[in-house]
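**Q** Once you've had a glance at the structure underneath, I'll fire off some questions.
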């Protein structure tokens, strides 16, 4: 299926929806991280150069840590998010959606040098495109996956409306479509709402704004309003 | 139950659960145990509510919200907390030698490749010094010849300060540990990267060794390398072993799927990588502050070097003989 949602069955026997992050958003996150890392390295070089040779030693050690452990430290200590990933609202987790462990994070980040080959992360990109979970080589070896961290969305405002029972029996899927229509109402233009509602004219016998209002009434009834 | 009733009925519980989640997720780990004593209970309830909401086809927003809560709860409940100091001490005392013992085949092959190529190249260069030019450019040969020349030794060493030692320490860390990590990671290429790194480093070190021995600079070269060599050379061999393990896991999955085999091989190789980091860190320290010291006599350096080698060999030979469970 061409879908970036995955079902994860938990020990509690429920299915959770996981939203996998694709190559583009990951490339953007990586770019932000690279800029931050390079910026810090240059800034430190300028400051530490004042300290002479000891400063140089410190700079070399810090560069080493930044090169190999910058993503590892952030991913393990910061809920799977480097600053770039945080900005893009994505995070690294284990395949079973538990927080990434030290070993897994080190494997996935050390194998960047394989993903980089032959230049510019081409191997990683090809691997991501071929893999249904957008995994690069490092993710495959570590058993990790990059997912979206859904932001908290405020509850959509339910319109003030009378309720009306549906004129025909609706099955669960159809009921859900009614509810979904009302929740999405604020994101649609008036014309688009009417266009969608008009599809149901043969069933509900209403048109344009009247059809929209009628659906809202039915949804309110389904939801339990009086 | 209609959705509206469902929501009003359980709204408070979800908000309470969300509050405990935020407390757990905040970076300060100072929350008291009492705050989260109800966490598992709350989590199970949210899972139950999610299942109900899915089954009853409540509105997408509600299902999304419950899904998000359950997912966050899942991540908090199933994370592992480890005592990092205990783990490090345990690893150095038992875990590392046990891992080397467990992956002995790979360690043996990697050592054979590395030390074998080193000795062969050293012998060849000793009898045919011009071979050194097939490995190094002329400028590099001149540089290290001058560095170990007994005539110029005194001059260079007396001008070396503690600050220089520090600078070299930083350089060794960045360069040598980086090589160790690269050797491991490039093993993913069916082991080819690890084999290349082992042979390349073996030949490069062997060439210098053979060339300088032939020139008769033994009194300057060997006291310098004997100390940190114990940690550095074994460290590189073990890094190669970790890389070979990774490549072998990909090449020969046995009865596992190739992906699963790779994951398991990477997991098994990790203790070796931690160990390499640990050994190369010691090597960098010894190389920067001990090997280069001009105050120490060659006898002291040889004695200490012998002790280091004995220490490393007995660490792997005697450590963790009874595999920890």
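All of the numbers you see were taken from the coordinates with simple rules; none came from a lab. What you see is a predicted model; the values in this text were computed from it and never measured. Virtual Cβ from ideal backbone geometry, glycine too; neighbours counted across all protein chains shown.
**Q** For a test of the definition: using alpha carbon positions, the gyration tensor, and the 1.5 limit on a/c, classify the range B:263-314 as rounded, prolate or oblate.
**A** oblate
**Q** What angle do you read, to the nearest 10 degrees and between 0 and 90, between the alpha-carbon axis of helix A:23-48 and the longest principal axis of chain A?
**A** 40 degrees
**Q** Now, a different point. Nearest 10 degrees, 0 to 90: what angle lies between the long axis of helix B:258-286 and the longest principal axis of chain B (Cα atoms)?
**A** Taking Cα atoms only, the helix is inclined about 50 degrees.
**Q** Still on this structure: How shielded is A:105-115 by partner chains, expressed as the average number of their Cβ atoms within 10 Å of its Cβ atoms?
**A** Per residue, the average neighbour count from other chains is 5.
**Q** Over the Cα atoms of the range B:130-284, compute the convex hull volume and normalise it per residue, giving Å³. Please list the in-between numbers first.
**A** Working: hull volume 17.8 nm³, N = 155.
Roughly 115 Å³ of hull volume per residue.
**Q** For chain B, what does -39500 (n - 2.57) per DSSP helix run (n ≥ 4), summed and divided by total residues, give at 222 nm, in deg cm²/dmol to the nearest 500?
**A** Result for chain B: -25500 deg cm²/dmol, rounded to the nearest 500.
**Q** Determine, at each q value in 0.11 (inverse angstroms), the log₁₀ of I(q)/I(0) that the Debye formula gives when each Cα of chain B is one equal point scatterer.
**A** -0.82
**Q** Let me ask you something else. Between the range B:233-299 and the range A:1-60, how many Å separate their Cα centres?
**A** Measuring centre to centre over Cα atoms gives 25 Å.
**Q** Turning to a different aspect of this structure: Pairs of alpha-carbon atoms within less than 8 angstrom and 6+ residues apart define the contacts here; what relative contact order does chain B have, in percent?
**A** 23 percent
**Q** Here's a follow-up. Over the Cα atoms of chain A, how large are the radius of gyration and the largest Cα-Cα distance (Dmax), in Å?
**A** For chain A, the Cα radius of gyration and maximum Cα-Cα distance read 25.3, 84 Å.
**Q** When the scattering of the range A:172-223 is computed by the Debye formula from its Cα atoms alone, each counted once and equally, what is log10 I(q)/I(0) at q = 0.29 Å⁻¹?
**A** -1.24
**Q** Where does each of A:89-99, A:137-147, B:273-283, B:247-257 land if you order them by average Cβ count within 10 Å, highest first?
**A** A:137-147, B:273-283, A:89-99, B:247-257
**Q** How large is the Kirkwood hydrodynamic radius of the range A:22-135, counting all unique pairs of alpha carbons, in Å?
**A** This gives a value of 15.3 Å.
**Q** Peptide B:162-174: average number of partner chain Cβ atoms within 10 Å per residue? Intermediate results must be reported in sequence, preceding the final value.
**A** On the way: counts 2, 7, 4, 3, 9, 9, 4, 5, 12, 5, 4, 6, 10.
Across B:162-174, the average partner-chain Cβ count within 10 Å equals 6.
**Q** Taking a temperature of 10 °C and a viscosity of 1.306 mPa s, what whole-number D in µm²/s does Stokes-Einstein yield for the protein assembly as shown with Rh from Kirkwood over alpha carbon pairs?
**A** Here the translational diffusion coefficient equals 57 µm²/s.
**Q** Let me ask something else. May I ask for the angle, rounded to the nearest 10°, between helix A:208-223 and the longest principal axis of chain A, with both axes built from Cα atoms and the value confined to 0 to 90°?
**A** So the inclination is approximately 80 degrees.
**Q** Just to be sure I understand the model, the point goes 7 Å from the Cα along the line to the Cβ. What's the resulting residue A:4 to residue B:52 distance in nm?
**A** Modelled inter-label distance: 3.3 nm.
**Q** Which of B:1, B:147 has the fewest other C-beta atoms within 10 Å, and how do the rest follow up to the most?
**A** The order, fewest Cβ neighbours first, is B:1, B:147.
**Q** Binning every alpha carbon pair distance of the range B:3-77 at 5 Å from zero, what are the percents per bin?
**A** All Cα pairs considered, the percentages come to 3, 16, 28, 24, 14, 9, 4, 2.
**Q** Taking only C-alpha pairs under 8 Å that are 6+ residues apart, what is the relative contact order of the range B:3-77 in percent?
**A** Rounded, it is 37 percent for the range B:3-77.
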